[in-house]
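Novice: Sharing a structure, written as structure tokens. Questions coming.
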Amino acid sequence: MKRHAGLILHPTSLPSPYGVGDLGAAARDWLAFLEAAGQRVWQVLPLHPIGPSGSPYTSPSAFARSPALLSPDDLVSDGWLRVRELPAAAPVGPVSWPSVLGSRHEVVQRVAPRVAQVVDLEGWARAEPWADAWALYAAIADVHGFDWARWPEPLARRDADALAAARDRFAVGRAHALATQWLFSQQWGRLREDARRRGIQLWGDLPIFVGHQSADVWAHPELFLLDDAGDPTVISGVPPDAFSPRGQRWGHPLYRIDAHAAEGYRWWINRIEALVSLVDCVRLDHFRGLAAMWEVPVDAEDAMGGRWVPGLGAGLLRALRERFGEIPMYAEDLGVITPDVEELRDQFGLRGMAVLQFAFGDEPDHRYLPHNHRAHQVVAPGTHDNDTIHGWYRGTDEMTRHRVRTYLHTDDADAPWAVLRAAWRSVADVVLVPAQDVLGLGSEARMNVPGEADGNWGWRLQPGATSPALAASLRREVADNGRWP
């Protein structure tokens, strides 16, 4: 790509009428806005089912796609749902995940039997290496809960006879899970075709770790550091950084490096193949975890007492390059970055990131300042883990604001937009800006606060916010800075 621009917005944030953004009309309107605004990339967050706190980064599957993203209106258009069966529409507000998940469950209960009657779901599942394990896990979890280590022991240990019996006992739930995934593939496929017609690439996001309460750890316990009961022996996290002075205790199980190498990284290759069947490029979350993972004791209250242990590293990336040629991903190389992380990134020719909110700290020549950017790089004013630009600028200290004003030759009123202009003017070939930032929104529109379990993943774009005037303004910015298709 040569000097392109894009926006970051998760589909759940779209102003769809049924409690959460979906893949229907609002998504198509968003693509039309991106085209009008001269944007050539739509960067999304993980498309997986959400975890207990609404986060897609602790999903019960590293492969499955979220049923919350199914458009009820499109299900009606496609003949799977009747108009009278539509969920109640509501004004666009923050996502209430319990309500949304309950509503989508009711929709799936209605449409899944209809899909199963006319679609060869088993044939579809055979072409998706992950689908069978996910469908059985999801069906069992509806009865026994998602914590598979607490299931009856034969099921938890995947005893062959117990699994065969479970296929019969949970046949209906398994078919519903497969139908949901098939429906997602249909709706996403149409959206991707629309994006292609408009010249817009869809970029996905790949969490580096997977949740313990997931189909993946249940189906492949040999690939993770678990004890005899199936529980993690150590868990993931990060040391103290710009987001958290005591580090972050994430809680995912860590990988058995030797086991992944012994199987030729097949699980990872399948995972990337599943994602690139949906998107054009992948953002590899927490790239530094490939060089080394922050190992936290299971009983630790925070991540302060962790230690660095080797990650999957060059072995994994070499296997991906052998499979894909040029690896279709860029590295979220943020956090505590040491020379080995940069060497690993550069060895495989991956774009890294520069985040402007981190550029104006104490270091007078910070590597994220625009004059230090590189062409082969992705620049963003912030990620989904940052505050919005307006919220950050208002909330930061006066010394940082002074550095912004001085470096960008701006004043307080224009400083947030000046930061965006600095991104678009950067030598970096790709600039991705959160939608909240081009809308000029404050901290109330923040997507996620790292280290806080509640109150995240709920922000919604309001109807009419993506106006023709805003599209024209963005179009001028990308044109003036040579970021034109």
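Novice: Against the condition farther than 24 Å from Tyr137 by Cβ and either in contact with a Phe, Trp or Tyr (Cβ under 7 Å, 6 or more places away or on another chain) or among the basic types (Lys, Arg) (or both), how does Arg249 come out, does it pass?
Specialist: Numbers: farther than 24 Å from Tyr137 by Cβ: yes; either in contact with a Phe, Trp or Tyr (Cβ under 7 Å, 6 or more places away or on another chain) or among the basic types (Lys, Arg) (or both): yes.
Yes.
Novice: Name the one entry in Val296, Val309, Val279 that is touching a strand residue (DSSP E or B) at 6+ places or on another chain (Cβ under 7 Å), of a type in the set (A, V, I, L, M, F, W, C), under 25 Å from Ala380 (Cα atoms) and at pLDDT 95 or above.
Specialist: Numbers: Val296 fails: under 25 Å from Ala380 (Cα atoms); Val309 fails: under 25 Å from Ala380 (Cα atoms).
Criteria check complete, one pass: Val279.
Novice: May I ask you to say which residue of Ala89, Ala62 is loosely packed, with under 14 Cβ neighbours inside 10 Å, farther than 14 Å from Arg174 by Cα and of a type in the set (Gly, Ala, Ser)?
Specialist: Details: Ala62 fails: loosely packed, with under 14 Cβ neighbours inside 10 Å.
Ala89 is the lone residue from the list that is loosely packed, with under 14 Cβ neighbours inside 10 Å, farther than 14 Å from Arg174 by Cα and of a type in the set (Gly, Ala, Ser).
Residues checked against (1) within 18 Å of Trp130 (Cβ to Cβ); (2) among the aliphatic types (A, V, I, L, M); (3) assigned to a helix (DSSP H, G or I):
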residue: Ala179; (1), (2), (3): yes, yes, yes
residue: Phe184; (1), (2), (3): yes, no, yes
residue: Gly189; (1), (2), (3): yes, no, yes
residue: Glu193; (1), (2), (3): no, no, yes
residue: Arg196; (1), (2), (3): no, no, yes
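Novice: Cβ contacts < 8 Å: first residue farther than 16 Å from Asp437 by Cβ, restricted to region 398-420; second residue among the hydrophobic types (A, V, I, L, M, F, W, C) and outside any helix (DSSP H, G or I), any location; separation 6+ or different chain. Result?
Specialist: Going by the 8 Å Cβ cut-off, the qualifying pairs are Thr400/Phe360; Arg403/Phe360; Tyr407/Phe360; Tyr407/Leu369.
Novice: A follow-up question, please. Filter region 389-440 down to residues that are part of a helix (DSSP H, G or I) and polar (S, T, N, Q) and give me whichever is surrounded by the most Cβ atoms within 10 Å (Cβ to Cβ). Can you show your working first?
Specialist: Initial filter on region 389-440 (part of a helix (DSSP H, G or I)): 389-395, 398-408, 415-425, 435-438.
Cutting the leftovers down to polar (S, T, N, Q) gives us 400, 406, 436.
Numbers: Thr400: 17, Thr406: 10, Gln436: 29.
For region 389-440, the residue satisfying everything is Gln436.
Novice: Looking at (1) over 25 Å from the mean Cα position of the chain (by Cα); (2) closer than 21 Å to Leu223 by Cβ, which is the one condition that is false for Arg323?
Specialist: (1)
Novice: Sticking with this structure for a sec: Does Val111 satisfy the condition of being surrounded by fewer than 17 Cβ atoms within 10 Å (Cβ to Cβ) and either closer than 19 Å to Leu69 by Cβ or free of Cβ contacts under 8 Å to residues at least 12 places away in the same chain (or both)?
Specialist: no
Novice: Which of the numbered conditions does Ala359 fail, given that it passes all the others? Conditions: (1) surrounded by fewer than 15 Cβ atoms within 10 Å (Cβ to Cβ); (2) touching a helix residue (DSSP H, G or I) at 6+ places or on another chain (Cβ under 8 Å).
Specialist: In the conditions (1) surrounded by fewer than 15 Cβ atoms within 10 Å (Cβ to Cβ); (2) touching a helix residue (DSSP H, G or I) at 6+ places or on another chain (Cβ under 8 Å), Ala359 misses (1) alone.
Novice: Let me ask something else. Filtering region 197-243 down to residues that are within 21 Å of Pro46 (Cβ to Cβ) and polar (S, T, N, Q), which residue is surrounded by the most Cβ atoms within 10 Å (Cβ to Cβ)?
Specialist: Ser214
Novice: I would also like to ask the following. Determine whether region 164-176 contains at least one residue that is surrounded by 22 or more Cβ atoms within 10 Å (Cβ to Cβ), in contact with a Lys or Arg (Cβ under 8 Å, 6 or more places away or on another chain) and closer than 23 Å to Leu23 by Cα.
Specialist: no
Novice: Out of (1) touching a Pro at 6+ places or on another chain (Cβ under 7 Å); (2) surrounded by fewer than 20 Cβ atoms within 10 Å (Cβ to Cβ), the odd one out for Arg104 is which?
Specialist: The failed condition is (2).
Novice: Within region 277-334, which strands (runs of 3 or more DSSP E) (wholly inside it) include 3 or more residues that are over 17 Å from Arg266 (Cβ atoms) and in contact with a Lys or Arg (Cβ under 9 Å, 6 or more places away or on another chain)?
Specialist: In region 277-334, the matching strands (runs of 3 or more DSSP E) lie at 292-297, 329-331.
Novice: Looking at Arg40, Arg28, can you tell me which residue is at pLDDT 95 or above, under 26 Å from Val478 (Cβ atoms) and out of contact with any strand residue (DSSP E or B) (no Cβ under 7 Å at 6 or more places or on another chain)? Steps first, answer last, please.
Specialist: Working: Arg40 fails: out of contact with any strand residue (DSSP E or B) (no Cβ under 7 Å at 6 or more places or on another chain).
Of Arg40, Arg28, the one residue that is at pLDDT 95 or above, under 26 Å from Val478 (Cβ atoms) and out of contact with any strand residue (DSSP E or B) (no Cβ under 7 Å at 6 or more places or on another chain) is Arg28.
Novice: Within region 244-255, work out how many residues are among the basic types (Lys, Arg) and surrounded by fewer than 17 Cβ atoms within 10 Å (Cβ to Cβ).
Specialist: Total satisfying the criteria: 1.
Novice: For the condition in a loop (DSSP other than H, G, I, E, B), hydrophobic (A, V, I, L, M, F, W, C) and either under 19 Å from the mean Cα position of the chain (by Cα) or modelled with pLDDT under 95 (or both), what is the one hit in Ile269, Ile337? Give the steps one after another, and end with the answer.
Specialist: Details: Ile269 fails: in a loop (DSSP other than H, G, I, E, B).
Of the residues listed, the single one that is in a loop (DSSP other than H, G, I, E, B), hydrophobic (A, V, I, L, M, F, W, C) and either under 19 Å from the mean Cα position of the chain (by Cα) or modelled with pLDDT under 95 (or both) is Ile337.
The values are calculated or read from the model by the stated rules, or taken from the named source; none is laboratory data. Remember, predicted model here, so these are calculated numbers, not experimental data. Ideal geometry is used to build each Cβ from the backbone, glycine not excepted, and the neighbour counts take in all protein chains shown.
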